[in-house]
1. Could you grab the pairs with beta carbons closer than 7 Å, sequence gap of 6+ or different chains, first residue in region B:33-59 and more than 9 Å from chain A (Cβ to nearest Cβ) and farther than 10 Å from B:Ala89 by Cα, second one modelled with pLDDT under 85 and surrounded by fewer than 24 Cβ atoms within 10 Å (Cβ to Cβ)?
2. Examine region A:192-199 for a residue that is surrounded by 18 or more Cβ atoms within 10 Å (Cβ to Cβ), more than 10 Å from chain B (Cβ to nearest Cβ) and among the charged types (D, E, K, R), and state whether such a residue exists.
3. Taking the condition of being surrounded by 14 or more Cβ atoms within 10 Å (Cβ to Cβ) and without any contact (Cβ under 8 Å) to a residue 60 or more places away in the chain, how many residues in region A:48-63 meet it?
4. Within the bounds of region A:164-171, is there any residue that is touching a helix residue (DSSP H, G or I) at 6+ places or on another chain (Cβ under 9 Å), surrounded by 11 or more Cβ atoms within 10 Å (Cβ to Cβ) and among the polar types (S, T, N, Q)?
5. Count, please, the residues in region B:214-224 that happen to be more than 15 Å from the chain's Cα centre (by Cα) and either of a type in the set (S, T, N, Q) or surrounded by 13 or more Cβ atoms within 10 Å (Cβ to Cβ) (or both).
6. Among the residues of region A:200-236, what is the count of those that are surrounded by 13 or more Cβ atoms within 10 Å (Cβ to Cβ), modelled with pLDDT under 75 and of a type in the set (A, V, I, L, M, F, W, C)?
7. Please verify whether B:Leu85 is at pLDDT below 85, crowded, with 20+ Cβ neighbours inside 10 Å, within 18 Å of A:Leu159 (Cβ to Cβ) and more than 9 Å from chain A (Cβ to nearest Cβ), treating the condition exactly as stated.
8. Out of B:Val155, B:Val149, B:Val178, I need the residue that is under 30 Å from A:Pro76 (Cβ atoms), at pLDDT below 85 and crowded, with 19+ Cβ neighbours inside 10 Å. Which one?
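The values are calculated or read from the model by the stated rules, or taken from the named source; none is laboratory data. These figures come from a predicted structure and were not determined experimentally. As a convention, Cβ positions derive from the backbone with ideal geometry for all residues, glycine included, and neighbour counts pool all protein chains shown.
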Amino acid sequence: MHADAFDRFHEADSRLHRLDPRVKVVVTTLFILSNALLPDGAWAAFGLSWIVLLWANHLSSLGVEFTFKRSFIALPFALAAISAIFSPLGNPLADWSIGPLTLIPTDYGLIKFGSIMLRSWISVQAAILLVATTRFPDMIHAFEHLHVPAILTTIVSFLYRYLFVLTDEVMRLLRARQSRSGSVAGLKSGRSVVWRARVTGNMAGQLFLRSYERSDRIYTAMQARGYTGQLRTLNPHVMQSRDWVFAALSIVIILLLQLTGRF
Amino acid sequence: MSYSPLPLHIPDGFLNLVISLIFWGITIITVGIAISKTNKSLGEKQVPLMGIMAAFIFAAQMLNFPVAGGTSGHFLGGALAAIVLGPWAGILVMTAVIAVQGLLFQDGGLLVMGANIFNMGLLTAMIGFGLYRSVSGRNKRTRLVVAGVAAWLAVLASALVASLQLWLSGTTRLEIVVPAMLGVHVLIGLGEAAITVAAISFIEQTRPDLLNEKAISAKGGRGWVYAGVVISLLAVLLSPLASANPDGLERVARDMGFLHLGQSASYKILPNYTIPFLGGTALSTIVAGAVGALVVLGLMIVIGGMLRRKKVHQHE
């Protein structure tokens, strides 16, 4: 498998790509925070937030519809919010009887549900844009600058670095299982669910040992190259005036969004 | 890439700000303690080990096995990580996994990441390691049974706490979200338990030095056993209560002022005006019954194990 199989970064030369990763991380977090703070039913503010997001998409030169096309990942979770529609507060809109159940959607409940979905949908798109315009190692470096403990950022760097190696290992294990598992049409293949779970558990144990022993070798190799417990980076990431301007502008826009939502 | 999101990662927008910040607070404190503990007890060698173990958990979540009708069993790995690596390292590893899932794959939000780490990292470490440590000196069968029960309970507790967070945020109705989440995760937890048991039995055979009694007690103190048993008991007691009697839980939460945490004013203004459409159905009763029975069984084994250990100590 290719080393960047998991990468969500989209190579381009745009204003957003050139921006300091710290600014992008902070502004994205503030934008998501702003969505969480908008009151239920603040449709104008939600709409403006989305327009701001489209504008950011445009700035990234990835295309205005870029994040929209990838934004449905949180949709299955919408099921969890559906019950909000039938909130006991507010005026009943209808009375649906399905078998023994009586469902009464209310106006308050519908507003609540719509707001939750919009909040989640806009926030997911902001996060998608962040990882599409920032290389993951740069993003981790930004977290270091923002005083996330070094041990955590180092673990995450290792996770990112070796993810595809271990995924390859998983693929080999899965392929091996598939080649062992012949089946004849019309005949039951494989054994009970418990047996199948045990096979998978053995694969997990096997994967664990291979990873554990690999980490020994990696550590020795890194020590030979002068590793003292910290990863170094060649990108110094110095904040420039355009980074400050972008950060200040974004904060003003987010404050305006909040004002729109409240009046 | 066959990477499938698991239904425990809460996205942004589903928890309100107060709940998100409370769980960020708890998570930051616990992870801070975990960092200072691992810094103290482990050399710099542990950092690459934990990083690669995090990649292992991530990769192992892609392992699946066919169950029936096109569905498949999946793996979360929190309990296994805590048992094999120790609770503090397990917490750091799961934190890294959840952070990358949220940042890179948008599987779980950023503002709610504190809650996600709490549910899938801290709870699973406490239950997984705590229960396993309580029987680490006992025979293999007991150890594996308890590891399985712990893995199953860890998934269930995560699902339960996630439902409570959603409810306190005013996102869902308690009488719907608890039976639904627990119903799904009772089954997901069985797959988790089966894989955890098989993996631990495999590791015990090939690398017994990683999981013997001495190694396990070196990884975390007795306090983990108490924490694990208390959290498990809470999960066990709350699950049937929340499924069978949501009104009661709601009343308790209101009396203790928890409901004020939610932005939703609905429960304050119109108390107890609820439409019963899942609260009393067969589904919630069955779920509650199953949870109760299995949990009692698990606790009996754990408490029995602890009592017997005490006896052994007295004889010594």
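1. Nothing qualifies.
2. Taking every residue of region A:192-199 in turn, none turns out to be surrounded by 18 or more Cβ atoms within 10 Å (Cβ to Cβ), more than 10 Å from chain B (Cβ to nearest Cβ) and among the charged types (D, E, K, R).
3. Here is the first cut: in region A:48-63, the ones surrounded by 14 or more Cβ atoms within 10 Å (Cβ to Cβ) are A:48-50, A:52-54, A:56-62.
If we keep only those that are without any contact (Cβ under 8 Å) to a residue 60 or more places away in the chain as well, we get A:54, A:58-59, A:61.
The qualifying residues number 4.
4. yes
5. Start the filter on region B:214-224 by keeping residues that are more than 15 Å from the chain's Cα centre (by Cα), which leaves B:214-223.
After this cut, where a residue has to be either of a type in the set (S, T, N, Q) or surrounded by 13 or more Cβ atoms within 10 Å (Cβ to Cβ) (or both) as well, the list is B:215-217, B:219-220.
Residues in region B:214-224 being more than 15 Å from the chain's Cα centre (by Cα) and either of a type in the set (S, T, N, Q) or surrounded by 13 or more Cβ atoms within 10 Å (Cβ to Cβ) (or both): 5 in total.
6. So the count comes out to 1.
7. Values: at pLDDT below 85: no; crowded, with 20+ Cβ neighbours inside 10 Å: yes; within 18 Å of A:Leu159 (Cβ to Cβ): yes; more than 9 Å from chain A (Cβ to nearest Cβ): yes.
Against the criterion (at pLDDT below 85, crowded, with 20+ Cβ neighbours inside 10 Å, within 18 Å of A:Leu159 (Cβ to Cβ) and more than 9 Å from chain A (Cβ to nearest Cβ)), B:Leu85 does not qualify.
8. Numbers: B:Val155 fails: at pLDDT below 85; B:Val149 fails: at pLDDT below 85.
Being under 30 Å from A:Pro76 (Cβ atoms), at pLDDT below 85 and crowded, with 19+ Cβ neighbours inside 10 Å holds for just one of B:Val155, B:Val149, B:Val178, which is B:Val178.
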